[in-house]
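Inspection log for the structure reproduced underneath, given as structure tokens.
What follows draws every value from the coordinates through simple rules; no lab data is involved. As the structure is a prediction and not an experimental result, all values here were calculated from the model. Glycine also receives a Cβ, built like all others from the backbone with ideal geometry; neighbour counts cover every protein chain displayed.
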Amino acid sequence: MPTCENCNNKWSWKQTIKKTTTLNPEMTCPYCGEKQYQTQKSKTKAAFLTPIIYLPLFTLIFFDIPGVNLFTLFLVLIIIVIFLYPFLVEISSKEEYINFFKDKQ
Ligand SMILES: [Zn+2]
């Protein structure tokens, strides 16, 4: 779970979900009101969760699964991914950019 870099308070699961599901990259800390940003590293980690959702589609290639079961599996996996997501979120007071020109400066 993310810890605020400014006040060192740990965000709850619910708070993290609330902050990360908005399109705004700025997340205001519920404890100190300071702006926090998700780190690039944690964004990369979270991206690895997405393939889990596609897993049922791959199993469909090899096994003959009835549509209803597949739908249930799909839902369960989405819930698992949403549940795990806040554990991968890391935040920082500074906004990070992927800067390709960083070395030249
Ligand atoms: Zn804070």
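Largest GNM mean-square fluctuation across F58, F83, F71, computed for the chain with C-alpha springs under 10 Å, falls on F58.
Relative contact order of the chain: 41 percent, from C-alpha pairs under 8 Å at least 6 residues apart in sequence. In plain terms, the bigger the Kirkwood radius, the slower the diffusion; for the chain, with that radius from Cα pairs, at 20 °C and 1.002 mPa s, Stokes-Einstein puts D at 136 µm²/s.
Given a Förster distance of 35 Å, report the FRET efficiency between V76 and K41 from their Cβ-Cβ distance, rounded to the nearest 0.05.
The value I calculate is 0.80.
Each label was represented as a point 7 Å from its Cα along the Cα-to-Cβ direction; for Y31 and N9 these points are 0.7 nm apart. Mean Kyte-Doolittle of at least 0.0 and a Cα length of 30 Å or more along the axis: which whole DSSP H helices of the chain meet both? Correct list, ordered by number: 67-88.
Return the loop-located GluC sites (Glu not before Pro) in the range 1-89 (DSSP other than H, G, I, E, B) with at most 15 other Cβ atoms within 10 Å of their own Cβ; answer none if there are none.
Values: sites: E5, E26, E34; in loops: E5, E26, E34.
The qualifying sites are E26, E34.
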